[in-house]
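Colleague: I'd like to ask some things about the structure below.
The values are calculated or read from the model by the stated rules, or taken from the named source; none is laboratory data. Because the structure is a prediction, the values reported are computed rather than measured. Positions of Cβ are backbone-derived with ideal geometry, glycine not excepted, and every protein chain shown enters the neighbour counts.
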C-alpha cells in the first residue's frame, strides 16, 4: 500500500534520471567537453538548492565533519561518477548506460557487507550474481552494446554506479547526525563543482557558456534544473518511504533510459538486451527486497 501511494513520484524520478544520459550525450555531441558540462550541472544545481536552503533558513555547516562529508560524497557520487559516465557516453548508447544504473544498490550492499554495516544473505548473493550476469550479457554482441570495440568505454561507464555506491556508503558512515538532507545534498554539490573545476582546468575541459549555438547551450541550465529537482524528489522519497522503496526507482531509470535513447537517438538494441535487463532487474529485486 505504501509503495502504491508513492508510485507517481517514483515514476517521475525514474523518468527524469533516465533522461539524464541522453541529455549528456546530446551535450557532448554538440561540442561541450565532459568536465565542462559536469561542472555547470553541479554548480547550477548547487545554486538552486542553496536558494532553497536560504528560503527554509537552513545554514550550511562548515565544521570539519561536514566538510569531510561534503568532499567525500561530492567527489565519489558526482565528480568521479559523472566524469566516467560523461566521457563514456561520447561512445556508448544512452540505453546501455541506463542498464548500468541498477548496479549501484547492488554494489552498495556488497560494500556495506564488506565494512560490517550489513550482512550478505543467500538472496543478496544470488541477486549480485544475477545483476553482474545481466550487465555482462548486455556487453555481448547483439545486445545493448553495438560493437565489441566499445567494451573499454563500457567498463569506464561502470565506474559511475561504483561512484554512486561509494557515495551511499559515505552518506551512511560520515553524515553528521541531525543535519537536514537538503543541506547535505547542497554541500556535496558545491564540493563536486569545486573538484570538477580543478580537474577541468588541469585537463583543459572547462566550458565558457556562449561559445556554442543556443540549441546546445540551453542543455546546461536544463540539466542543472533537472538535477536539483531529482535531488529534492529523491530525498523526499527517502524521508517518506525509506531507502528500500526508493531504490525501486532503478527499474524505472533503466526502462526510461532505453526509451529516451530510442526516441532521441534512434538507438536499437539487439534481442539479447531483453534477457540482460531481466537478469539485472531480478538481481536488483533480490538485493533490495525484504521478507
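Colleague: What are the pairs, 6+ residues apart or on separate chains, where a residue within region 168-190 that is within 16 Å of residue 53 (Cβ to Cβ) has its Cβ under 6 Å from a residue that is at pLDDT below 85 and in a helix (DSSP H, G or I)?
Modeller: Filtered contacts from region 168-190: 181/235; 185/231.
Colleague: Would a scan of region 225-240 turn up a residue that is more than 15 Å from residue 9 (Cα to Cα), assigned to a loop (DSSP other than H, G, I, E, B), modelled with pLDDT of 90 or more and over 14 Å from the mean Cα position of the chain (by Cα)?
Modeller: Checking region 225-240: not a single residue is more than 15 Å from residue 9 (Cα to Cα), assigned to a loop (DSSP other than H, G, I, E, B), modelled with pLDDT of 90 or more and over 14 Å from the mean Cα position of the chain (by Cα).
Colleague: From the list 155, 107, which one is at pLDDT 85 or above and surrounded by fewer than 22 Cβ atoms within 10 Å (Cβ to Cβ)?
Modeller: Just one listed residue meets the conditions, 155.
Colleague: Pairs needed: first member in region 230-247, farther than 16 Å from residue 180 by Cβ; second member anywhere, assigned to a helix (DSSP H, G or I) and at pLDDT 75 or above; C-beta distance under 6 Å; at least 6 residues apart or different chains.
Modeller: Correct list of pairs: 230/16; 230/17; 246/237; 247/105.
Colleague: Determine whether region 36-50 contains at least one residue that is over 19 Å from residue 219 (Cα atoms) and in contact with a helix residue (DSSP H, G or I) (Cβ under 9 Å, 6 or more places away or on another chain).
Modeller: Checked region 36-50: at least one residue is over 19 Å from residue 219 (Cα atoms) and in contact with a helix residue (DSSP H, G or I) (Cβ under 9 Å, 6 or more places away or on another chain).
Colleague: Further question on the same structure: May I ask you to list the residues in region 263-282 that are in a helix (DSSP H, G or I) and either under 14 Å from residue 136 (Cα atoms) or touching a strand residue (DSSP E or B) at 6+ places or on another chain (Cβ under 8 Å) (or both)?
Modeller: 273, 274, 275, 276, 277, 278, 279, 280, 281
Colleague: Just one of 96, 78, 37 is at pLDDT 90 or above and crowded, with 23+ Cβ neighbours inside 10 Å; which is it?
Modeller: On inspection, the qualifying residue turns out to be 37.
Results for (1) surrounded by fewer than 24 Cβ atoms within 10 Å (Cβ to Cβ); (2) over 23 Å from residue 168 (Cβ atoms); (3) under 22 Å from the mean Cα position of the chain (by Cα), shown as yes or no for each residue.
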{"site": "32", "(1), (2), (3)": "no, yes, yes"}
{"site": "48", "(1), (2), (3)": "yes, no, yes"}
{"site": "62", "(1), (2), (3)": "yes, yes, no"}
{"site": "115", "(1), (2), (3)": "yes, no, no"}
